[in-house]
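Worksheet for the structure shown next.
The values are calculated or read from the model by the stated rules, or taken from the named source; none is laboratory data. Computed from a prediction, not measured in an experiment: that's the story for all the values here. Virtual Cβ from ideal backbone geometry, glycine too; neighbours counted across all protein chains shown.
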Amino acid sequence: SEPHRRTYAQRALHHKNPAAKLLLETIERKQSNLAVSVDVASTKDFLAIIDVVGPFVCLVKTHIDIIEDFTPSLITDLQALSAKHDFVIFEDRKFADIGNTVALQYSSGVHKIASWSHLTNAHPVPGPSIITGLSSIGLPLGRGLLLLAEMSTKGSLASGSYTEAAVQMARAHRDFVVGFIAQRRMDGVGAGPNEATTEEDFLVLTPGVGLDVKGDGMGQQYRTPREVVLESGSDVIIVGRGIYGKDPSLVDNIVAQAKRYKEEGWAAYLARIEP
Ligand code: S5P
């Protein structure tokens, strides 16, 4: 069957990359294709939000460089929450430099991303050498990479032939590149006439998801889980402010929103795989 018709469980069997396999298995186990993006500046809010949304998500997406009071113990706490609630960790680092530099940024510095983040992402703008650099660190650790093939923002330059080139870069490195940050499935995008494309099964994680507003006044554009998962065939919805809102201390509302997005995302998936 076509990839977007297969269940997450069926797809998990065919992925060799440990991070991709883990994500698909986690989605199936928790019946959740919801990822929460926790873009807050204090360790306290960061960990509190993750602890309350944890039961409802397959994945937690971080921007670790936003945290003002970062210490290495935050990583230990994050890993403990990942074990407690059974979710995958994705540091949204958006690497974009030469191979040697990204290898250092991924392995070293204060954050040592490769040591704790199952998935990370990169802009394809430098060309295939960015994958060579990141995979030299991540592949031996069983990590996976997502390429930013499209963006959710108004006026994004990642479209057309740029998106096609991103998909071709991924096809050439399928051991490490497990999928895309994009607004839709990428099956067949940029494929030549003789290229088999039903074989490939890239994961598509989609940010810019919101049920209540269309944008944020800074270029972000929101679509609903139904548009993203059912109509565009994405695998995971990434929701940030739609869940934790403006006040990260309002825990009751965060739980209600997490449940709401989880249910919407899963219903859209069930409608997609329906025979
Ligand atoms: O195209 C993109 C790619 C990403 S990774 N658009 C995005 O918004 N993101 C990220 O998703 C962004 O960095 C932020 O962390 C999250 C969206 O947050 P929200 O609050 O707008 O839902």
Single match in Gly133, Gly109 (criterion: farther than 21 Å from Asp235 by Cβ, of a type in the set (Gly, Ala, Ser) and assigned to a loop (DSSP other than H, G, I, E, B)): Gly109
Selection from the range 43-77 of residues that are more than 13 Å from Thr26 (Cα to Cα), assigned to a helix (DSSP H, G or I) and within 16 Å of the ligand (Cβ to nearest atom): Asp45, Phe46, Ile49, Ile50, Val53, Ile64, Asp65, Ile66
Based on this model, can you work out whether Val204 counts as aliphatic (A, V, I, L, M), in contact with a strand residue (DSSP E or B) (Cβ under 8 Å, 6 or more places away or on another chain) and either away from the ligand (no atom under 13 Å from the Cβ) or not in a loop (DSSP other than H, G, I, E, B) (or both)? yes
Of those in the range 20-40 that are within 16 Å of the ligand (Cβ to nearest atom) and under 12 Å from the mean Cα position of the chain (by Cα), the residue farthest from Pro207 (Cα to Cα) is Leu23
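How about the range 20-42: which of its residues are outside any loop (DSSP other than H, G, I, E, B) and among the aliphatic types (A, V, I, L, M)? So that I can check it myself, show each step before the final result.
Let us first name the residues in the range 20-42 that are outside any loop (DSSP other than H, G, I, E, B), namely 20-30, 34-38.
Scanning the range 20-42 gives Ala20, Leu22, Leu23, Leu24, Ile27, Leu34, Ala35, Val36, Val38.
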Right, Leu145: within 12 Å of the ligand (Cβ to nearest atom) and either modelled with pLDDT of 95 or more or buried (at least 24 other Cβ atoms within 10 Å of the Cβ) (or both) or not? no
On the given criteria, is Val213 more than 17 Å from the chain's Cα centre (by Cα) and either closer than 20 Å to Thr62 by Cβ or modelled with pLDDT of 95 or more (or both)? yes
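Quick grid of which residues meet (1) modelled with pLDDT of 95 or more; (2) surrounded by fewer than 18 Cβ atoms within 10 Å (Cβ to Cβ); (3) within 20 Å of Gln105 (Cα to Cα); (4) in contact with a helix residue (DSSP H, G or I) (Cβ under 8 Å, 6 or more places away or on another chain):
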residue	(1), (2), (3), (4)
Pro18	yes, yes, no, no
Glu25	yes, no, no, yes
Glu28	yes, yes, no, yes
Gln31	yes, yes, no, yes
Val36	yes, no, no, yes
Ile49	yes, no, no, yes
Val57	yes, no, no, yes
Pro72	yes, yes, yes, no
Go through the range 159-196 residue by residue and tally those that are outside any loop (DSSP other than H, G, I, E, B) and charged (D, E, K, R). 2
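Only residues that are in contact (Cβ under 8 Å) with a residue 12 or more places away in the chain and over 24 Å from Gly54 (Cα atoms): list them for the range 1-39, please.
First, pick out the residues of the range 1-39 that are in contact (Cβ under 8 Å) with a residue 12 or more places away in the chain: 2-9, 11-12, 14-20, 22-39.
Matches in the range 1-39: Glu2, Pro3, His4, Arg5, Arg6, His14, His15, Lys16.
Within the range 168-184, take every residue that is among the hydrophobic types (A, V, I, L, M, F, W, C) and touching a Pro at 6+ places or on another chain (Cβ under 9 Å) and give me the one that is nearest to Lys94 (Cα to Cα). Give the steps one after another, and end with the answer.
To start, the set of residues in the range 168-184 that are among the hydrophobic types (A, V, I, L, M, F, W, C) comprises 169-170, 172, 176-178, 180-182.
Subset that is touching a Pro at 6+ places or on another chain (Cβ under 9 Å): 169-170, 172, 181.
Values: Met169: 16, Ala170: 15, Ala172: 20, Ile181: 10 Å.
Looking at the filtered set, the residue picked out is Ile181.
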What's the total number of residues in the range 221-247 that are crowded, with 21+ Cβ neighbours inside 10 Å, in a loop (DSSP other than H, G, I, E, B) and within 13 Å of the ligand (Cβ to nearest atom)? 2
Out of Thr153, Thr197, report the one residue that is over 13 Å from the mean Cα position of the chain (by Cα), at pLDDT below 95, among the hydroxyl-bearing types (Ser, Thr, Tyr) and surrounded by fewer than 20 Cβ atoms within 10 Å (Cβ to Cβ). Thr197
